[in-house]
Amino acid sequence: MEKLLLAADVVIPVSSEPIRNGAVVVDGGCIVDIGTSEEIEATHPHLPRIRKPNSVILPGFVNAHTHLELSWTRGKIRGFEDFTGWLERLVTLKAGGVDQDLVEDSMRMGLRDVIESGVTTVGEISSLNFGGRQMLKDSGMRVIAFLELFDRISSKLPSIEFKSENLYEERPFPHAPYSCGPELLDAVFACARENAVAVGIHLGESPDEVDFLKNMPNEFERKIFPLIGKETFTRPAAETPTRYIDGFVRGEDVRLSAVHMVQVADEDMEIIRSSDVGVILCPRSNVFLKIGKPNLRRMLDHERVGLGTDGLSSNSDLDFFREIRFLCDMMVEQGIRQSARLAVYFATLGGARALFIEEKTGSLEIGKSADIICVDCEEEVASDPYSCIVSSGPQNLQFSMVGGNFIYRKDSNAFCER
Ligand code: MCF
Ligand code: FE
């Protein structure tokens, strides 16, 4: 990839203030300079250059939690009463079996929608034996493949290899505290400590999860366990899901990304901050599954907070612009100021931090990977670039690159000026 200059009406580095008439220089897959167009063009004359009218350049979005593999379930789960009603339907649907070609074709379409909504990094939940993972690698995106674990895998865990390549990294993902017993959680955190691998988990999602972990009557034991033929298991009683998991982490140096975190108490925030837990919010999924909305105010003084669409079994689409807009509206609803700026933060650097990859991506800084998108804005860009991004959609995406390579271009004709 040759050295390239990307210029725009506004460059939003996210880690610092927006630059009017800004430019970024990309070389060897990395960002090598950033500043005003004037400065950059003086320092780097005669470079091939891209500048779109009315445009904003910013870090590619981080969709920190998806289940692309479940794209085939789109529109198939309706009319459920509550979270466990939804889970019951999903488990039954999966047990009915599905054609592998359908799984892969729908995943390919899901992946396309993710890319066309400006996402350059995806945190994908993937079954252990899933053949479609190659598709993720071939997409050119940055991928954190969370390998989904259930109790039956406990004894085999030490033999699982979590691969790490340039743009592709595998991590363990015990599904949730109600589906994974203490033996598996202990084994996962031991493996994480030994191999310095980060971990992900669905945590603090439904009120029933809270009851389950308090050892109170709950719908998982009443309805879901009999359905899947699972024996219940003894577990240490905990007041909140965060405290429960903290009991397994035991203050040790483990990087944990907790997905959902709707059931969070004020006191949990102290644990989240001191253990430096990455929090991944999936607000549209939460509303879809009727579990309520996350308390966003609580999250504001924590840096590791990102955003995910979840999969098409719990969301109507994978349009990340819509997820950002929904988050932003929810912030306004909760009386949070500067909601557009914060929503863009959650969608980029916050997500990279929630996945512990902020050294590589999430902001436009010298030395970071060139994971960059360009969006054209319908309104006047310069007055409020963050709001421009929040009100954009896939139709506004001009190009998207990961590690300096284009993964999407709206019009590839006459792309560069020389
Ligand atoms: O994030 C949502 C809601 N919380 C829990 N699980 C899932 C979500 N989307 C998909 N799932 C899947 C999960 O990957 O539900 C299945 C798993 O394969 C349930 S099997 C107990
Ligand atoms: Fe999920």
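The values are calculated or read from the model by the stated rules, or taken from the named source; none is laboratory data. Keep in mind that what you see is a predicted model, and the values were worked out from it rather than measured. Glycine also receives a Cβ, built like all others from the backbone with ideal geometry; neighbour counts cover every protein chain displayed. When the accessible area is computed, the model is the full protein with side chains, heavy atoms only, and any ligands, DNA or RNA have been set aside. Shrake-Rupley method; radii C 1.70, N 1.55, O 1.52, S 1.80 Å.
Selection of segment 1-16 for residues being assigned to a loop (DSSP other than H, G, I, E, B) and farther than 13 Å from residue 382 by Cβ yields 1, 2, 3, 13, 14, 15, 16.
Identify, from the list 341, 337, 322, 353, the residue that is away from ligand 2 (no atom under 16 Å from the Cβ) and part of a loop (DSSP other than H, G, I, E, B). So that I can check it myself, show each step before the final result.
Numbers: 341 fails: part of a loop (DSSP other than H, G, I, E, B); 322 fails: part of a loop (DSSP other than H, G, I, E, B); 353 fails: part of a loop (DSSP other than H, G, I, E, B).
After ruling out the rest, the residue left standing is 337.
Identify all residues within segment 89-108 that are away from ligand 2 (no atom under 16 Å from the Cβ) and either open to solvent by 60 Å² or more (accessible area, probe 1.4 Å) or in a helix (DSSP H, G or I) (or both); write none if there are none. Answer for segment 89-108, where residues must be away from ligand 2 (no atom under 16 Å from the Cβ) and either open to solvent by 60 Å² or more (accessible area, probe 1.4 Å) or in a helix (DSSP H, G or I) (or both): 92, 95, 96, 99, 100, 101, 102, 103, 104, 105, 106, 108. Annotation: of all residues in segment 49-72 being assigned to a loop (DSSP other than H, G, I, E, B) and touching a Ser or Thr at 6+ places or on another chain (Cβ under 8 Å), the one that is least open to solvent (accessible area, probe 1.4 Å) is 60. What do you reckon, is residue 166 over 21 Å from residue 123 (Cα atoms) and of a type in the set (S, T, N, Q)? Here the answer is no, as residue 166 does not meet what is asked.
Just give me the residues in segment 109-127 being under 17 Å from residue 313 (Cβ atoms) and more than 16 Å from ligand 2 (Cβ to nearest atom), in sequence order. Let's see the steps before the verdict.
Of all residues in segment 109-127, those under 17 Å from residue 313 (Cβ atoms) come to 109-111, 113-114, 122-127.
Passing the criteria: 109, 111, 113.
Looking at the structure I just gave you, is residue 75 within 15 Å of ligand 1 (Cβ to nearest atom), at positive phi and assigned to a loop (DSSP other than H, G, I, E, B)? Let's see the steps before the verdict.
Details: within 15 Å of ligand 1 (Cβ to nearest atom): yes; at positive phi: yes; assigned to a loop (DSSP other than H, G, I, E, B): yes.
The answer is yes for residue 75.
I need a count of the residues in segment 370-401 that are under 15 Å from residue 348 (Cα atoms), among the small types (Gly, Ala, Ser) and in a loop (DSSP other than H, G, I, E, B). Number satisfying all stated conditions: 1. Of the residues contained in segment 30-48, one or more are found to be part of a strand (DSSP E or B), away from ligand 2 (no atom under 16 Å from the Cβ), modelled with pLDDT of 95 or more and under 25 Å from the mean Cα position of the chain (by Cα).
Only one residue in 66, 73 is in the same structural domain as residue 142 (by TED's automatic domain parsing), under 26 Å from residue 345 (Cα atoms) and either within 16 Å of ligand 2 (Cβ to nearest atom) or in contact with a Gly (Cβ under 6 Å, 6 or more places away or on another chain) (or both), so which one is that?
On the way: 73 fails: under 26 Å from residue 345 (Cα atoms).
Testing whether each residue is in the same structural domain as residue 142 (by TED's automatic domain parsing), under 26 Å from residue 345 (Cα atoms) and either within 16 Å of ligand 2 (Cβ to nearest atom) or in contact with a Gly (Cβ under 6 Å, 6 or more places away or on another chain) (or both) leaves just 66.
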